[in-house]
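The values are calculated or read from the model by the stated rules, or taken from the named source; none is laboratory data. Nothing here was measured: the structure is a model prediction, and the numbers come from that model. Heads up, the Cβs are rebuilt from the backbone with ideal geometry, glycines too, and the neighbour counts pull from every protein chain shown. Just so you know, the surface numbers come from the protein's heavy atoms only, side chains and all, with ligands and any DNA or RNA stripped out. Shrake-Rupley method; radii C 1.70, N 1.55, O 1.52, S 1.80 Å.
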Amino acid sequence: MEPELRQMRYFVAVAQSLNYTRAADALHIAQPALSKQIRQLERTLRVQLFDRTSRRVVLTDAGQALLPYATRILATVADAQTHMGDLSGSAEGRVTVSAQQSLNASGMLPRVLVEFHERYPGVDVELREEFAAPTIAMLADGRLDLALAMFDETWPRAEDMTVEPLFDEELVFVVGPGHRLAGSSVALRQLLLEPFVAFNQGAGLRQILERTCADAGFQPRIGYESGATGSVRALASAGLGVALLPRPVVDVDGPPLAPLRTDVALRRTISLIRAYERYQSAASRALVDLIRDRLSHG
């Protein structure tokens, strides 16, 4: 007997979530049916893929060895299906995009997607907001078609990506309008004792904040943290601390903020990232062309 494609799909779903219940929900099947297919796959391959206890699920050595093969198989099948759809002349499909939250909060990407929908009404766009680093794995295994993110060449699998810089974003330190520092000009070192409102660990802006403060000789005191741009903005606006935000987010309507003038000039580059070995559908290429035309600043 040979493994079935659906069993590979089920295995990858469990391996990614390490939770049978969540995997079954994502696959829209009953958990007993999922468990049965995983056991059948293990019998076919004559190995145990997961160590299962009442509290957790862990990949075995065999499971870890199988995972890259399984994800590559599923990605290849998905590419083949997409390619055949393109050859049929269909003007339909789905493009899955991960984008930095600032692109949505500032309205930059939504404006592009409105134009794209007007041109290609039969194409659905699934928009996700992932931290920058995990997007690489998702691009590699086919869960994403493209990403708009701050790229770091030290990420695992980064060498498998094509990276096209689109534009730079200015980053500014901000406080609420009622904060005692509002409108001030300060040396970054003067913020040593100030609480910060920061993004969660793993976020690119959190890394920039910590690195910038370290260069100034101190570690930022994180009073509040969140994974959402809107929450970080609202907490800073309420006067609960200093935040580091992209200028396009600060400039749109929302809870009021007062930018600080500091002795550091910070910018980050937003790039268009794709996996170079993956087939790019006609719909994906059309969206890439529009993003490049509307968002690239040279």
Inset, instruction - Would you mind working out the magnitude of the charge dipole of the chain relative to its Cα centre, with +1 at each Lys and Arg C-beta and -1 at each Asp and Glu C-beta, to the nearest 20 Debye? - result: 860
Legend entry - Zone residues, segment 271-298, relative to residue 157, backbone N less than 20 Å from point 7 Å out along Cα-to-Cβ: 271-281, 284-285
Legend entry - Unit charges on C-beta of K, R, D, E only; dipole of segment 151-261, Debye: 680
Inset, instruction - Using a 1.4 angstrom probe on heavy atoms only, work out the carbon and sulfur share of the accessible area of segment 95-209 in %. - result: 50
Inset, instruction - Using a/c under 1.5 as the rounded threshold, could you call segment 64-204 rounded, prolate or oblate? The axes a ≥ b ≥ c are square roots of the C-alpha gyration tensor eigenvalues, and prolate needs a/b larger than b/c, oblate otherwise. - result: oblate
Legend entry - Three-way shape label, segment 77-152, alpha-carbon gyration tensor, a/c 1.5: oblate
Inset, instruction - Find the all-direction average of the projected area of the Cα convex hull for the chain, expressing the result in square nanometres with one decimal place. - result: 18.6
Inset, instruction - Grab the other residues whose beta carbon is less than 12 angstrom from that of residue 115, score K and R as +1, D and E as -1, and report the net. - result: 0
Legend entry - Residue among 26, 75, 15 with the largest mean-square fluctuation in a Gaussian network model of the chain, springs linking Cα atoms under 10 Å: 26
Inset, instruction - At 7 Å along the Cα-to-beta-carbon direction for both residue 126 and residue 9, put a label point, then send me their distance in nm to one decimal. - result: 1.2
Inset, instruction - State in Å² the accessible area per residue of segment 1-118; use a 1.4 Å probe, count heavy atoms of protein chains only, and round to the nearest integer. - result: 59
Inset, instruction - Rounded, prolate or oblate: pick one for segment 1-108, where a ≥ b ≥ c are the square roots of the eigenvalues of its C-alpha gyration tensor, a/c under 1.5 means rounded, and failing that, prolate if a/b is larger than b/c, else oblate. - result: oblate
Inset, instruction - Considering only DSSP beta bridges where both residues belong to segment 126-250, give the percentage that are antiparallel (nearest 5). - result: 35
Legend entry - Estimated distance in nm for a label pair at residue 218 and residue 29, the labels positioned 7 Å out from Cα along Cα-to-Cβ: 5.6
